[in-house]
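The values are calculated or read from the model by the stated rules, or taken from the named source; none is laboratory data. Predicted model only: the values in this text are computed from it and were never measured. Cβ placement follows ideal geometry from the backbone for every residue including glycine, while neighbour counts extend to all protein chains displayed.
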Amino acid sequence: MQIAESGILSRAQAGTSRAALTFPTVTALSDGTVLATYRTGSTKDSEDETVEFTRSLDGGRTWSEPWRPFENPELDGVRGSLRVCYLTELAAGELLAAALWIDRGSYPGGPLFNEETEGCLPMAVLLAASDDGGESWSPWRLAPMPDEVGPPSLTAPVLKLADGSLALSIETNKEYNDASPWMQKVVFFHSHDGGESWAEPVVAGEDPSGRIFNWDLRCGVAPDGRVATFAWTYDTAAGRYLNIHRRVSSDHGQSWSGAEDLGFADQAARPAMLADGRVVLAWVDRFGSRSIRARLAPAVDGPFEAASEVVVYQQDEGAGGASGSTSETLSEMSLWTFGLPYAETLPDGAALVIYYAGTDAAMDIRWARIEL
């Protein structure tokens, strides 16, 4: 693989509500259009956050002026903000948006994570539909969650599965002031009616002892229908990140293989699934090389060979250090100035990786085109 081209997708504006551009996503549509979304905010955790869209007509090389298709909605009279918006093309021109909404009224001024309890602000998953390629959208509707999930974390787009169903990957959290042990897990919800209703949750990643957390689960569906997930794995007892772990499902996310250590750390990107079955996986290596890298695997369950590795982004200076407690780890997430890569396969077979990078004052959304 090689980095063929790279550039800035959206440039931040220091000192404004667009100073911290993060949580990027990119979706290649069947008509050749590429849509990107990302979060804007004055800081990485701010009440003025919302989401912007931008469009490319040339395979991600140039991008339109951004626009904001959604106002930050209220739920039951409570004000909130949109943290991330993922897009899935269900059919030509028909899109399903899944967004993470954060309650900004119940704990005024409170940070997303409570450092004392490891709980988080109330959150909700919202869904909206478009039948014109993202030009206009239906009103938001709530994706209901059982109480056992707690505030739901949304870390992947709605998956379009080979059997015609949809899947929603959700991570569990604790309520803001809940000081009990955090038994974190990831569950899949399946829908057989286009996302109008969702079945009971199926566990997609869990350590029953509660020691190992599976954070920021990134998911992809291979051409043969198998589903792969890549977990940002954290050992709460040792207070350190482990290598990325992969799980594979051959029955549309109803059951999973055991967690496989991929041999490199730490936070995976959403993978680019190529038409021939190969997989491009980017990831963030914060504590080692301080970079974003990518490797190629021959299949969804194949090895990511070191010889295929490319450097997508290299930070000149270090940022932060290895964490101690889980609370310290959660608080340090707001300090990083690069990360959250997200990959997509383009119609010409290349992979497009977008991510955020910059300084404390301004973090841009950047892109890199990987050719194979």
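If you check Leu142, Leu154 for being in contact (Cβ under 8 Å) with a residue 40 or more places away in the chain and buried (at least 19 other Cβ atoms within 10 Å of the Cβ), only one passes: Leu154. Taken over the stretch 14-28, the criterion of being in a loop (DSSP other than H, G, I, E, B) and crowded, with 18+ Cβ neighbours inside 10 Å is satisfied by Arg18, Ala19, Leu21. Taking the condition under 20 Å from the mean Cα position of the chain (by Cα) and either part of a loop (DSSP other than H, G, I, E, B) or surrounded by 15 or more Cβ atoms within 10 Å (Cβ to Cβ) (or both), does Gly195 pass? Yes; evaluated as a whole, the condition is true for this residue. Within the stretch 345-362, being surrounded by fewer than 24 Cβ atoms within 10 Å (Cβ to Cβ) and in a strand (DSSP E or B) holds for Thr345, Ala357, Gly358.
In summary, Val84 fulfils each of the numbered conditions (1) buried (at least 18 other Cβ atoms within 10 Å of the Cβ); (2) farther than 30 Å from Asp163 by Cα; (3) β-branched (Val, Ile, Thr) with the single exception of condition (2). Only one of the numbered conditions (1) farther than 22 Å from Leu217 by Cα; (2) of a type outside the set (Val, Ile, Thr); (3) assigned to a strand (DSSP E or B) is not met by Tyr38, and that is (1).
Looking only at the stretch 71-130, residues that are under 17 Å from the mean Cα position of the chain (by Cα) and basic (Lys, Arg) come to 1 in all.
Among all positions in the stretch 102-115, there is at least one residue which is surrounded by 16 or more Cβ atoms within 10 Å (Cβ to Cβ), acidic (Asp, Glu) and modelled with pLDDT of 95 or more. Considering the stretch 232-251, and only residues there that are touching a strand residue (DSSP E or B) at 6+ places or on another chain (Cβ under 7 Å) and outside any strand (DSSP E or B), the residue that is surrounded by the most Cβ atoms within 10 Å (Cβ to Cβ) turns out to be Ile244.
Of everything listed in (1) part of a loop (DSSP other than H, G, I, E, B); (2) aromatic (Phe, Trp, Tyr); (3) within 29 Å of Met273 (Cα to Cα), the single unmet condition for Tyr107 is (3).
Taken as a whole, the stretch 308-318 holds at least one residue that is surrounded by fewer than 17 Cβ atoms within 10 Å (Cβ to Cβ), of a type in the set (Val, Ile, Thr) and either under 27 Å from Gly258 (Cβ atoms) or modelled with pLDDT of 95 or more (or both).
Report whether or not Arg61 is among the basic types (Lys, Arg), assigned to a loop (DSSP other than H, G, I, E, B) and surrounded by fewer than 21 Cβ atoms within 10 Å (Cβ to Cβ). Working first, answer last.
Details: among the basic types (Lys, Arg): yes; assigned to a loop (DSSP other than H, G, I, E, B): yes; surrounded by fewer than 21 Cβ atoms within 10 Å (Cβ to Cβ): yes.
Answer is yes for this residue.
I'd like to know if the stretch 202-221 contains one or more residues that are touching a residue at least 40 places away in the same chain (Cβ under 8 Å), out of contact with any Asp or Glu (no Cβ under 6 Å at 6 or more places or on another chain) and assigned to a loop (DSSP other than H, G, I, E, B). No, there is no match, as no residue in the stretch 202-221 is touching a residue at least 40 places away in the same chain (Cβ under 8 Å), out of contact with any Asp or Glu (no Cβ under 6 Å at 6 or more places or on another chain) and assigned to a loop (DSSP other than H, G, I, E, B). The single condition among (1) surrounded by fewer than 18 Cβ atoms within 10 Å (Cβ to Cβ); (2) part of a loop (DSSP other than H, G, I, E, B); (3) of a type in the set (Asp, Glu) that Glu148 does not meet is (2).
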